[in-house]
Amino acid sequence: MSLPGPRYDIYAFIHKGLRAFMAHTLVRVGRLDAHDAAEVAEVADELQALITLCRKHLQHENELLHTAMQARAPGSAAPVAAEHEGHALALDELQQLLGRLPTEPAVAPALYRALSHFVAENLEHMQREETEHNAVLWAHFSDDELHALERRIVASIPPEESRLGLRWMLPHLTPAERVEMLSDMRQGAPAEVFEGVLSMIRPLLGGRDWRKLSLALGL
């Protein structure tokens, strides 16, 4: 589907973060030594964080984004909302398998396959949102309205969830996107929050990316 542009893409940054987090976790589960208790605990923590973040992402989209779409274009969010129901069930399955992993190492291959299927479906799902849903959003909302909707979503996110999302978004944006996001944060967040985010992401960026960011922000 061809899209008019350029318009504000409300999905762009969070989807980059989710794709990076999913890919990272899938690789770690795939190479897991299920008989190494310390490694199992470490990977389980990462997978649990991904499951939790995905559940919250579904909730934010269902309650705020889909509600807004349905109000302006009735029925427009229904197909993807149905996919969200399937994703919620898949997350339940992952949670159940993850709970068994520490005491049942033999469950690791099933966990890896289930996570692979979940990631594959989500990659296609996010692509549909970025094309089909953006087409609806751009037809019925101005960019100012989309920014306002995004601010409502961000305001509803607790600090720990926000920190986890930023940890996966910021290192995986382009340099220009990273500067855009952090410039907005610098204007709207307390100084200590902004400095805390910089401290969190600095070890995650290569030297070149950090230099570009420092110059752009005048750090």
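Take each of the peptides 159-170, 196-207, average the number of other beta-carbon atoms within 10 Å over its residues, and list them starting from the highest.
Per-residue mean Cβ counts within 10 Å order the peptides as 159-170, 196-207.
Would you mind giving the three semi-axes, in whole Å and largest first, of the ellipsoid equivalent to the range 58-156 according to its Cα gyration tensor?
Whole-Å semi-axes of the equivalent ellipsoid: 33, 14, 11.
Using +1 on the beta carbon of Lys and Arg, -1 on that of Asp and Glu, and nothing else charged, what's the dipole of the chain about the Cα centre, debye to 20?
In debye, rounded to 20, the chain gives about 580.
Could you check how much of the accessible area of the chain is carbon and sulfur, as a whole percent, using a 1.4 Å probe?
For the chain, the apolar C and S fraction of the accessible surface comes to 56 percent.
Let me test this: with uniform point scatterers at the alpha carbons of the chain, what is the Debye-based log₁₀ I(q)/I(0) at q = 0.08, 0.17 1/Å?
Log10 I(q)/I(0), no solvent term: -0.32, -1.28.
Highest mean first, what order results for 142-149, 11-18, 186-193 on Cβ atoms within 10 Å?
11-18, 142-149, 186-193
At q = 0.16, 0.24, 0.27 Å⁻¹, what log₁₀ I(q)/I(0) does a Debye calculation on the Cα points of the range 66-111 give, no solvent, two decimals?
-0.56, -0.79, -0.88
When the helix-only estimate is applied to the chain (DSSP H runs of n ≥ 4, each -39,500 (n - 2.57), divided by the residue count), what is the mean residue ellipticity at 222 nm, nearest 500 deg cm²/dmol?
That calculation yields -24000 deg cm²/dmol at 222 nm.
Mean separation of Cα pairs under 8 Å and 6+ residues apart, divided by the residue count of the chain: what relative contact order is that in percent?
About 31 percent, as a whole number.
Determine the per residue accessible area of the chain with all protein chains present and a 1.4 angstrom probe, expressed in square angstrom.
52
For the range 19-106, take the alpha-carbon Rg, divide it by the Kirkwood Rh, and send me Rg/Rh.
Rounded to two decimals, Rg over Rh is 1.11.
Can you give me the three principal axis dimensions of the range 147-219 from its C-alpha atoms, in Å, biggest first?
33, 22, 20
The values are calculated or read from the model by the stated rules, or taken from the named source; none is laboratory data. All figures in this text were calculated on a predicted structure; none of them were measured in a lab. Don't worry about glycine lacking a Cβ; one is built from the backbone with ideal geometry, like all the others, and counts go over all protein chains shown. All accessible areas refer to the heavy atoms of the entire protein, side chains included, with ligands and DNA or RNA removed. Shrake-Rupley method; radii C 1.70, N 1.55, O 1.52, S 1.80 Å.
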